[in-house]
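Here's the structure we're looking at; comments come further down.
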Amino acid sequence: MSQATVTEAVAYAVPAAKAPLERTTVPVRAVGPRDVLIEIKYAGICHSDIHQARDGWGEGIYPMVPGHEIAGVVAAVGGQVTKFAVGDRVGVGCLVDSCRACEYCLRGEEQFCAEGPVFTYNALDRNGAPTYGGYAGHVVVDENYTVRIPDALSLDVAAPLLCAGITLYSPLKRAQAGPGKKVAIVGLGGLGHMGVKIAKALGAEVTVLSQTLRKKDDGLALGADHFHATADPATFEQLAGRFDLVVSTVSAPLDFTAYLGLVKTGGALVNVGAPEEPVSLNLFSVINGNKSLTGSMIGGIAETQEMLDFCAGHGLGAEIELIRADQINEAYERVIAGDVRYRFVIDNSTI
């Protein structure tokens, strides 16, 4: 193993549910034979960080260090590591371990591990110790759950790809979004803006569905062909049966019956947002037209690497606002208010 050792990391943590984040230190586990020690350079702020920090989904483990959009540099490697060397540019997404033996792990869908994946934070590892995320100076991760960030991507704009990028790439690829396909992205936020970029790069005709036309110029500049306001009831009449694929990225409850009305016969509505409240659905909106309502959760490790390579090849990074660590609490409030274009990224050198 290389000589660098770190036993604790300076971090921003949530001490208790709904409490503000505060600067502290957390333990960093020893580097094992297959582990890499990562000096975290940048960490994106995902809306799911806020849901978990504020116990919106329940079962929070505190103190909690959020952050599963991690970009950094390898500072040390275990003696049996073969994939990475000190100095390599790497990323870590939403999970850091899984059983590696079930049918889902074996086919590269570790996020659906039958024994339960170990998430990057707000989880317990295989030894029962809490996991801590990217709002920190360092993290130790198994090399098999670490991905390489191509040189063509700056680390700051690459960080959000580790969640936002793969969350949109996976369902778009699975639906074969490409030339001849009409795709609608619901919501132009941290997830949605990457959906627009990726769908356009895949060759689809892309429409943004946002509450108002406030972000229309942004959406078109990001690559959308069309932009419509969902607050206008005429939108749902005008676009009825228009789309092969509708991807909802919003974290607030939607009228899924209305959005299924936008899907053409045999098409699909894929939900990647995770609202805290239940939603309602008239099942006839699915039955009429053989439509599908499905969900999608991030992607496996190999697909995440594929996504990074795709984004690098097409010059796709996230649109970011870089912040200091002492601005995280303010950034949380701005995310809730929709006041970010389009992803906050923490400069971890300020932690």
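The values are calculated or read from the model by the stated rules, or taken from the named source; none is laboratory data. Remember, predicted model here, so these are calculated numbers, not experimental data. Quick reminder, even Gly has a Cβ in these numbers, built from the backbone with ideal geometry, and neighbours come from all protein chains shown.
Filtering the range 49-81 down to residues that are in contact (Cβ under 8 Å) with a residue 24 or more places away in the chain, under 19 Å from residue 336 (Cβ atoms) and among the small types (Gly, Ala, Ser), which residue is surrounded by the most Cβ atoms within 10 Å (Cβ to Cβ)?
Going through the qualifying residues, I end up with 67.
Find all pairs meeting these conditions: Cβ atoms under 7 angstrom apart; at least six residues apart or on different chains; first residue within the range 142-160 and assigned to a loop (DSSP other than H, G, I, E, B); second residue of a type in the set (Asp, Glu).
So the pair list comes out as 150/309.
For the range 91-116, name all the residues that are under 21 Å from residue 148 (Cα atoms) and either within 16 Å of the chain's Cα centre (by Cα) or of a type in the set (Lys, Arg) (or both).
Correct list: 91, 92, 93, 94, 95, 96, 100, 107, 109, 110, 111.
If residue 38 meets every condition in (1) surrounded by fewer than 17 Cβ atoms within 10 Å (Cβ to Cβ); (2) β-branched (Val, Ile, Thr); (3) at pLDDT 95 or above apart from one, which number is that one?
(1)
Please determine whether any residue of the range 289-298 is among the charged types (D, E, K, R), within 19 Å of residue 147 (Cβ to Cβ) and either part of a loop (DSSP other than H, G, I, E, B) or at pLDDT 95 or above (or both).
No, the range 289-298 contains no residue that is among the charged types (D, E, K, R), within 19 Å of residue 147 (Cβ to Cβ) and either part of a loop (DSSP other than H, G, I, E, B) or at pLDDT 95 or above (or both).
Being aliphatic (A, V, I, L, M) and either crowded, with 19+ Cβ neighbours inside 10 Å or within 16 Å of residue 164 (Cβ to Cβ) (or both) is the filter here, so list the residues in the range 294-305 that pass it.
If the condition is that a residue be aliphatic (A, V, I, L, M) and either crowded, with 19+ Cβ neighbours inside 10 Å or within 16 Å of residue 164 (Cβ to Cβ) (or both), then 297, 298, 301 are the ones that fit.
Here are 316, 308: which of them is among the aliphatic types (A, V, I, L, M), modelled with pLDDT of 95 or more, assigned to a loop (DSSP other than H, G, I, E, B) and crowded, with 17+ Cβ neighbours inside 10 Å?
Just one listed residue meets the conditions, 316.
Tell me the residue from 172, 106 that is more than 22 Å from residue 27 (Cβ to Cβ), free of Cβ contacts under 8 Å to residues at least 12 places away in the same chain and not aromatic (Phe, Trp, Tyr), please.
Just a single option satisfies the conditions, and that option is 106.
Filter the range 251-264 down to residues that are surrounded by fewer than 22 Cβ atoms within 10 Å (Cβ to Cβ) and either aliphatic (A, V, I, L, M) or not assigned by TED's automatic domain parsing to the domain that holds residue 197 (or both) and give me whichever is modelled with the lowest pLDDT.
252
Can you work out which of the residues in the range 265-293 that are without any contact (Cβ under 8 Å) to a residue 40 or more places away in the chain and touching a strand residue (DSSP E or B) at 6+ places or on another chain (Cβ under 6 Å) is surrounded by the most Cβ atoms within 10 Å (Cβ to Cβ)?
In this case the residue turns out to be 269.
Quick check on the range 124-133. Is at least one of its residues under 21 Å from residue 310 (Cα atoms) and at pLDDT 95 or above?
Scanning the range 124-133, I find no residue that is under 21 Å from residue 310 (Cα atoms) and at pLDDT 95 or above, so the answer is no.
List the residue pairs whose Cβ atoms are under 8 Å apart, where the first residue sits in the range 18-34 and is over 25 Å from residue 77 (Cα atoms), the second is among the aromatic types (Phe, Trp, Tyr) and in a loop (DSSP other than H, G, I, E, B), and the two are 6 or more positions apart or on different chains.
21/135
Which members of the range 126-141 meet the condition of being touching a residue at least 40 places away in the same chain (Cβ under 8 Å) and assigned to a loop (DSSP other than H, G, I, E, B)?
If the condition is that a residue be touching a residue at least 40 places away in the same chain (Cβ under 8 Å) and assigned to a loop (DSSP other than H, G, I, E, B), then 129, 132, 133, 134, 135, 137 are the ones that fit.
Filter the range 202-242 for residues that are touching a residue at least 60 places away in the same chain (Cβ under 8 Å) and outside any loop (DSSP other than H, G, I, E, B); which is farthest from residue 171 (Cα to Cα)?
Taking the candidates together, the pick is 218.
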